[in-house]
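Comments concern the structure below.
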Amino acid sequence: MIVRSLDPLRLDDGELWVAGGRIAEPGQGERIDPGGGLVLPGNVCAHTHLYSALARGMPYALEPPRDFLQILQRVWWRLDRALDERSIRASALVGGMEALLSGTTTLIDHHASPNAIDGSLDIVADALESLGVRSVLCYETSDRDGPQRAQAGVEENRRFFRTRRALSRGLIGAHASFTLSDETLLACAEAGPLHIHAAEGVVDTGAVGRLTRLGVLDERTLLAHGIHVDDEELADFRASGATLAHNARSNMNNAVGRARVLELGPRVALGTDGIGSDMFEESRTAWFRLHEDDLLAPWGWPLATLAESARLAGRIFGESLLGTLEPGAPADLVVLDYTPPAPLDDSNLGGHWIFGLSSRHVRDVMVAGAWVVRDRRLALADQDALAAEARVDAERLWSRLEETPVHTFEPQGAIS
Ligand SMILES: [Zn+2]
């Protein structure tokens, strides 16, 4: 069975053909055989941090963080300063590998490495392209590491935004309102569409209002989190046409609160904020969290937010059909080894998605017409060698991390 579109939901028993990197009319190019399973459009992760891919299980000997700011000062703002070019590459390869194996074909990434800024986005892009992952990249500009690094961040974004690769595009990355001066924020916005954290923790309260006042929130902006917003900011967000990447598991893990996802309007996409890139798992958890609060939440919500993630990527790539399997769409698709144990059609795919489907069913993955996963193995790289090399890089990274002090940045007077 072929899932042509997640929103509106459309399934059929027809044939699926690929030619020239795109879904083709029947009879043209290669026929995709579902093998009795299900073929889906590839999933899109609307916000992630590949640079954290080697962080799982890393040592932590400091006082436990008590709030979101301390999590940044003691964990992530130490890890990002310990990254060098080699560990950036290893992180991107591991993150890209896990994305493809879980059926995610596009990653919208937010990269930070304050001691290796220049050229870092090319390292990430090269690594992802070597595996066949589609990506949208940016560098996390911030004033927290001083004016030189802020300027270098803007420049890295500006440089990469101008490049044109087959599988990669750029946005202009900015960390968050509370670590950015007006000057730096405006320099980012002047360079292109922003991808910025907004109102993730209480420390960033007022961010959406500030972006609105500065005139930098528009339909090309991608905000991540959007939790601490008042009613006026919520209306500003909706009026702007911007997209919000909701990161349910990360929000739970950091205890930062709950986004009002049903009130934020139709442009709500799903990200992982660096907790892998398994969108089956993310969408399911996001759904359970939402449903716990609101039994009347619409059943189509998980699929609609995944479809919105794909539309976001489609707008960035200038591919309006990305995220569908309609003729003319880029051939980004996933073949699932899923034999439905109950009737399945376009009225109930949401139920199968939440209660049955998962990344364990992912068998084959295609990006832009090329097979990148075949029979649960990477097609373009040796995944065992890649993981073995990454473990060596992770040990090197962890030893530098232990020598990296707690970040001393405090948010004072950044918000206008
Ligand atoms: Zn993030």
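Computed from the coordinates by the stated procedures, all read-outs in this text should not be read as laboratory data. None of these values were measured; they are calculated from a predicted model. Backbone-built Cβ (ideal geometry, glycine too); neighbour counts: all protein chains shown.
As an exercise, identify the trypsin sites (Lys or Arg not before Pro) in the range 1-70 lying in DSSP coil whose Cβ has no more than 15 other Cβ atoms within 10 Å.
Arg56, Arg66
Which shape class, rounded, prolate or oblate, goes with the range 1-88 when its Cα gyration tensor gives a ≥ b ≥ c as root eigenvalues, a/c under 1.5 marks rounded, and past that a/b bigger than b/c marks prolate?
prolate
For the range 247-264, just list the computed ³J(HN,Hα) in residue order, Karplus coefficients 6.51, -1.76 and 1.60, θ = phi - 60°, integers in Hz, with x standing in for Gly and Pro.
10, 4, 5, 5, 4, 5, 5, 8, 6, 9, x, 10, 6, 7, 5, 6, 8, 7
Would you grab the residues whose amide H sits under 5 Å from the one on Ile32? Only those 5+ places off in sequence or on another chain, please, with H modelled 1.01 Å from N.
Residues meeting the criterion, in which the H sits 1.01 Å from N, are Leu16, Trp17, Val18.
Take the alpha carbon gyration tensor of the range 218-312, find the square roots of its eigenvalues, order them as a ≥ b ≥ c, and report rounded if a/c is under 1.5; if not, report prolate when a/b exceeds b/c, else oblate.
It comes out rounded by the Cα gyration axes.
List the GluC sites (Glu not before Pro) in the range 151-233 that DSSP assigns to loop (not H, G, I, E or B) and whose Cβ has at most 13 other Cβ atoms within 10 Å. Which are they?
Glu219
Can you tell me the FRET efficiency between Val392 and Ser130 if r is taken as the Cβ-Cβ distance and R0 is 30 Å, rounded to the nearest 0.05?
0.95
Given a Förster radius of 30 Å and the C-beta distance between Glu25 and Trp299 as r, what FRET efficiency does 1/(1 + (r/R0)^6) yield to the nearest 0.05?
The value I calculate is 0.35.
How large is the dipole of the range 267-347 about the Cα centre if only Lys and Arg carry +1 and Asp and Glu carry -1, each at its Cβ, rounded to the nearest 20 debye?
In debye, rounded to 20, the range 267-347 gives about 240.
Looking only at chymotrypsin sites (Phe, Trp or Tyr not before Pro) in DSSP loops with at most 16 other Cβ atoms within 10 Å, what is the longest site-free stretch of the chain?
61-298
Residue separation times 0.36 nm, minus the C-alpha to C-alpha distance between Glu63 and Glu190: what's the value?
Contour length minus Cα-Cα distance gives 41.7 nm.
Quick one: which residues, 5+ away or cross-chain, put their amide H under 5 Å from the amide H of Asn348? H built at 1.01 Å from N.
none
Under a Cβ-only charge scheme (Lys and Arg +1, Asp and Glu -1), can you give me the dipole magnitude of the chain about the Cα centre, in debye to the nearest 20?
Result for the chain is approximately 380 debye, rounded to the nearest 20.
Enumerate the calculated ³J(HN,Hα) couplings along the range 77-90 in order (Karplus 6.51 cos²θ - 1.76 cosθ + 1.60, θ = phi - 60°), each rounded to whole Hz, writing x wherever the residue is Gly or Pro.
With the stated coefficients, the range 77-90 comes to 7, 8, 4, 5, 6, 7, 6, 10, 4, 5, 6, 5, 5, 4 Hz.
Can you give me the pair-distance distribution of the chain, C-alpha pairs, 10 Å bins, whole percents?
Reading the bins upward from 0: 5, 24, 34, 26, 11, 2, 0.
Quick one: length gained pulling Phe288 to Ser358 fully straight, 0.36 nm per residue minus the C-alpha distance?
23.7 nm
Each residue of the range 297-314 in order: what ³J(HN,Hα) in whole Hz does its phi give by Karplus 6.51 cos²θ - 1.76 cosθ + 1.60, θ = phi - 60°, with x for Gly and Pro?
Rounded to whole hertz, the list is 4, x, 5, x, 4, x, 6, 5, 6, 5, 5, 5, 4, 5, 5, 4, 4, x.
Mind giving me the FRET efficiency for Val202 and Glu232? R0 is 22 Å, r the Cβ-Cβ distance, nearest 0.05 is fine.
The value I calculate is 0.80.
Using only alpha-carbon positions, what ratio does the radius of gyration of the range 261-353 give when scaled by 2.2 N^0.38 Å?
Cα-based Rg divided by the globular estimate yields 1.16.
What is the gain in length, in nm to one decimal, between Arg258 and Asn115 on full extension, counting 0.36 nm per residue of separation less the C-alpha to C-alpha distance?
48.2 nm
Work out the length of the dipole vector of the range 156-199 about its Cα centre, built from +1 on the beta-carbon of each Lys and Arg and -1 on the beta-carbon of each Asp and Glu, and round it to the nearest 20 debye.
For this selection, approximately 440 debye.
Given the rule -39500 (n - 2.57) for each run of at least 4 DSSP H residues, summed and divided by the residues of the chain, what is its mean residue ellipticity at 222 nm, to the nearest 500 deg cm²/dmol?
-11000 deg cm²/dmol
Averaging sequence separations of C-alpha pairs under 8 Å and six or more residues apart, then dividing by the length of the chain, give the relative contact order as a whole percent.
Answer for the chain is 24 percent.
Computed from the mean reciprocal separation of all distinct C-alpha pairs, what Kirkwood hydrodynamic radius does the range 324-407 have, in Å?
Over the range 324-407, the inverse of the mean reciprocal pair distance is 16.5 Å.
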